[in-house]
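The values are calculated or read from the model by the stated rules, or taken from the named source; none is laboratory data. Because the structure is predicted, anything quoted here is derived from the model rather than measured. We place every Cβ from the backbone using ideal geometry, glycine too, and count neighbours over all the protein chains shown. The area values use the complete protein model at the heavy-atom level, side chains included, leaving out ligands, DNA and RNA. Shrake-Rupley method; radii C 1.70, N 1.55, O 1.52, S 1.80 Å.
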Amino acid sequence: MQLRWVLLAAGESKRLGQPKQLLKSQDGNPLVLTQAKRLIKTHLPVSVVTGAKADEVVLALGPLKDQLDILHNENWHQGQGSSVLKAIQAYPTDCLGFVLVDQYRLTTQWANDFAATWRKEPTTPLVTRYGQNDNDWGVPVIVPPGFTSALNDSKKGLKPLLKTASHNSFLGEFAVFDIDTPEDLECFCRYNIS
């Protein structure tokens, strides 16, 4: 089965007040470019879903544009589920590994380990467990194509489907660190200078 990473970078970042995709990361590049580089280094296909600020996000991805598929989600204002649906429709036969652009502590090594764990049971969704509690989980996730077809009538994203389905989990404590609020941005900035 073909695994494809899907970097979700379509949001408006309303609570943050500025586009998180374009924040400068530790390497001095826009966050969306840094995250795309990390995923490309896994040697798997990578797609980026854009929406709000699409032109600026695509421009930020410029150095990698030949190594990425870029999907524009014209319905980005309907929420993250619409970006997930866009990817499912674009790649109906691929297993899709969804990653949030603002999970800034993601590493290439973790992504490789996550994919290797999924390969042991490729027909079962794999979610990221944020700590020792098995009920505390979310994105990144990898889902097989048959599973994602159930989302065609939903704009709520994958979590409601994953809650009712059998899935495996893989520890990824980094994933709780994202950038949704000004307080999260302060943590990101401190992380960037450490």
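What to note about this one:
- Where GluC sites (Glu not before Pro) in DSSP loops with at most 16 other Cβ within 10 Å are excluded, longest remaining stretch of the chain: 75-194
- Using a simple spin-label model with pseudo-atoms 7 Å out from Cα toward Cβ, Thr124 and Asp66 lie 4.1 nm apart.
- Inter-label distance, nm, simple model (7 Å from Cα along the C-beta direction), Asp55/Glu12: 1.9 nm
- Using the Cα coordinates of the chain, the gyration tensor eigenvalues translate into equivalent-ellipsoid semi-axes of 24, 19, 17 Å, sorted from longest to shortest.
- Low-density loop positions, trypsin sites (Lys or Arg not before Pro), segment 54-155 - DSSP coil, at most 14 other Cβ in 10 Å: Arg105, Lys155
- Taking a ≥ b ≥ c as the square roots of the eigenvalues of the alpha carbon gyration tensor, segment 1-52 is oblate, as a/c is not under 1.5 and a/b does not beat b/c.
- Ranking of His72, His43, His167, His77 by solvent-accessible surface, largest first: His43, His77, His72, His167 (1.4 Å probe, protein heavy atoms only, all chains present).
- In plain terms, the chain from His77 to Phe174 could stretch by 32.2 nm, reckoned as 0.36 nm per residue minus the Cα-Cα distance.
- Å² of accessible area per residue within the chain, as computed with a 1.4 Å probe and no ligands counted: 48 Å²
- Counting protein heavy atoms only, segment 87-190 has 50 percent of its accessible area on carbon and sulfur, 1.4 angstrom probe.
- Solvent exposure of Ser166, expressed as accessible area, is near 100 Å², computed with a probe of 1.4 Å over the protein chains only.
- Using a Förster distance of 30 Å, the FRET efficiency for Ala116-Ser166 (Cβ separation, nearest 0.05): 0.90
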